[in-house]
Structures are given as C-alpha cells and as structure tokens.
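See structure below.
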Amino acid sequence: MKRLLQTLILTTTFFSLVSCDKNNNLVHHTVDNPVSAEIDGTLFQSAPEKILNYGGNVHQLIESDDEFVFITARRISSNERSYTIRIELNHNESFELNKRYTFNGEVTDDYYIIGLLLDTDEKWLEHGATSGWIEFTELSKGYHTSVSGKFEMECIDSDNSSIEVKNGEFGPLRVSYDYIKE
C-alpha cells in the first residue's frame, strides 16, 4: 500500500510541477489556499496561488481504511522574508478530524517530513521539525475537496539554530483527494 501511495504522490506532484510553467488562464486559475503561522513571533501568510484548472493540485490527501497521506507546500511571507512550509506525512492510522497527530523527530513506522525552507538570496536553508503536531479540523468533500487544520512545531537547522512555529493554520486548502479501497 505504501509503495502505491508513494508512486501516486510522486507522479501527481511531478505532473503538477511540470505543468506549472504554463502561464495561461486556460490552464490555471487562482485560489486562496491560505496558510499562516507565527515564526519566532512574526506573522507569515500565504498569497493566493495558481493551480491547474483540471486536477493536478500539489496539495494532496489520500485515504485508505488504515492509513492516510497528506502533502502540502506553501510559501508564506512577512515584510522581511519568506519561508516555504512543507508538510508530508504518511500516517499508519485512519484519517480523523480533531485528532492531534504528534511527532518528535524520531524515525517511526509513520513517515513525516515537516519543516521550513528559508528563502534567501544565497540559498535555501532547511529547518527540519524536531517536535510538534498537526490537527485536521475540517474536510469538505464535493466538486472541490478542501481540508483545514492547524499545526505547531519546533524546527532546527544544521547549525542547531531553532525556530518556533506557533498558531499555524491552513485551509480551506484545495486538495487532490483519493480514497483507496484495499
């Protein structure tokens, strides 16, 4: 099941990213897909983004009876700088609303890549999350499926500099949604 989910994720993400260089209103439209967080006490927020008119969202939620995958990557900015919040998790339990999924930076059967990329003029600096949580607060299925939630995390870079992320929120975030029957 994990191999199937990982293949599906990689394929969808690849085609979404390859298609993003077309700057044509027939191919794209703009949606809010809001994400915000306080990083070391400063509020960072996302701007509306262009997505493909037909499928291909970079943001994904894939469910089965006993596990789920959630992926999002959104750029958030303040007046001084910008970060990309990146959340990829493959959790070995069924998807539930209003349940806090915690992580502590250790390797487990669950797969988490959660952190920040600092966008500087020189290079991208990655800050991996050493602890934190994510909670999904709303799932709206229909013509467009969207998910909302909140998160907090403590991140650290290779120089052991820490960054505190508080009051993180996402949504309604339009996602590509799949339910895989086993």
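Brief remarks on what is shown
- Taking other residues whose beta carbon is less than 11 angstrom from the beta carbon of residue 96, and scoring Lys, Arg as +1 and Asp, Glu as -1, yields -1.
- Ordered by the number of other Cβ atoms lying within 10 Å of each residue's own Cβ, fewest first, 174, 74, 81 fall into the sequence 81, 174, 74.
- For the stretch 165-182, putting each phi into the Karplus relation 6.51 cos²θ - 1.76 cosθ + 1.60 with θ = phi - 60° gives couplings of 10, 10, 6, x, 9, 9, x, x, 9, 5, 10, 6, 10, 9, 10, 9, 7, 8 Hz, in residue order, rounded to whole numbers and with x for Gly and Pro.
- Computed over all pairs of different Cα atoms, the Kirkwood value for the hydrodynamic radius of the stretch 137-182 is 13.0 Å.
- Net charge in the neighbourhood of residue 40 (other residues with Cβ under 15 Å of its Cβ; Lys, Arg +1, Asp, Glu -1) is -4.
- Note on the stretch 62-182: with charges restricted to the Cβ of Lys and Arg (+1) and Asp and Glu (-1), its dipole about the Cα centre is near 560 debye.
Taken together, the values in this text are just the output of simple stated rules run on the coordinates, not laboratory data. Keep in mind it's a predicted model, so treat the numbers as computed, not measured. Positions of Cβ are backbone-derived with ideal geometry, glycine not excepted, and every protein chain shown enters the neighbour counts.
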